[in-house]
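**Q** Can you read through this structure? Questions will come right after.
Only the coordinates and a few stated rules stand behind these numbers; no lab work does. As the structure is a computational prediction, the values presented were derived from the model and not from experiment. Positions of Cβ are backbone-derived with ideal geometry, glycine not excepted, and every protein chain shown enters the neighbour counts.
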């Protein structure tokens with residue numbers, strides 16, 4: 001129901017109707033809607049690929065990021081709620097523990113693992129949020145919107161913007177491909193900064 005209509009339209013009354021019971025009966029199973037959302041978020045976490053034990057950190061973090069973004073595209077209502085739960089469920093806890101465990105096993109210190117986790121999640125959730133706010137989904141919609149935008153302003157006044165719109169209108173362009181480009185750039189930068197293990201080399205004025 002949340003995937004189809006959004007979380008704001010999901011009410012205990014509508015849920016009760018969906019499962020064929022009175023809304024009050026649901027409170028035998030959940031304390032309130034927030035409790036329900038905790039369980040829903042835990043189900044979402046359960047869909048994300050976890051790093052396998054002993055997996056190399058870069059491919060593990062790459063696959064986890066791609067999987068997380070795919071899961072968020074199926075459950076758009078969950079984007080801003082994934083890291084907000086004060087009562088996380090077992091899948092939520094298992095996910096965070098596995099990601100941190102993979103980084104720690106690769107030799108990252110606790111401090112470095114925190115840096116990497118924060119950096120990657122900021123990128124993943126930020127990209128997902130941005131993509132969901134775009135006024136198009138399919139490539140055909142990009143072309144149609146691009147043509148309309150080019151007609152609305154004088155191209156010679158905004159040549160760089162016009163160039164970018166024309167780039168996005170080219171056959172085969174997929175905005176979602178920008179995600180993996182940025183992800184690989186970030187992972188390679190982390191590898192270079194951390195040398196694969198331990199703490200990053202901090203600037204002299206940061207020490």
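**Q** Under a crude label model (7 Å from the Cα following the beta-carbon direction), how far is residue 30 from residue 8 in nanometres?
**A** In this crude label model, residue 30 to residue 8 measures out at 1.9 nm.
**Q** Restricting to Cα pairs below 8 Å that are 6+ residues apart, what does the relative contact order work out to for the chain? Please round to a whole percent.
**A** Details: 159 pairs, mean separation 41.6, N = 207.
RCO, the chain: 20 percent.
**Q** Now for a different question. Could you give the nm distance between label points at residue 158 and residue 188, where each point is 7 Å from its Cα heading toward the beta carbon?
**A** Computed distance between label sites residue 158 and residue 188 equals 3.2 nm.
**Q** So if I average 1/r over every pair of distinct C-alpha atoms in region 1-101 and take the inverse, what Kirkwood radius in Å does that give?
**A** By the Kirkwood definition, the hydrodynamic radius is 14.9 Å.
**Q** Still on this structure: Of 16, 107, 39, which has the largest mean-square fluctuation in a 10 Å C-alpha GNM of the chain?
**A** Taking springs between Cα atoms under 10 Å, the residue moving most is 16.
**Q** Starting from 0.36 nm per residue, how many nanometres of slack lie between residue 23 and residue 104 once their C-alpha separation is accounted for?
**A** Working: separation 81, 0.36 × 81 = 29.16 nm, distance 4.54 nm.
Length gained, residue 23 through residue 104: 24.6 nm.
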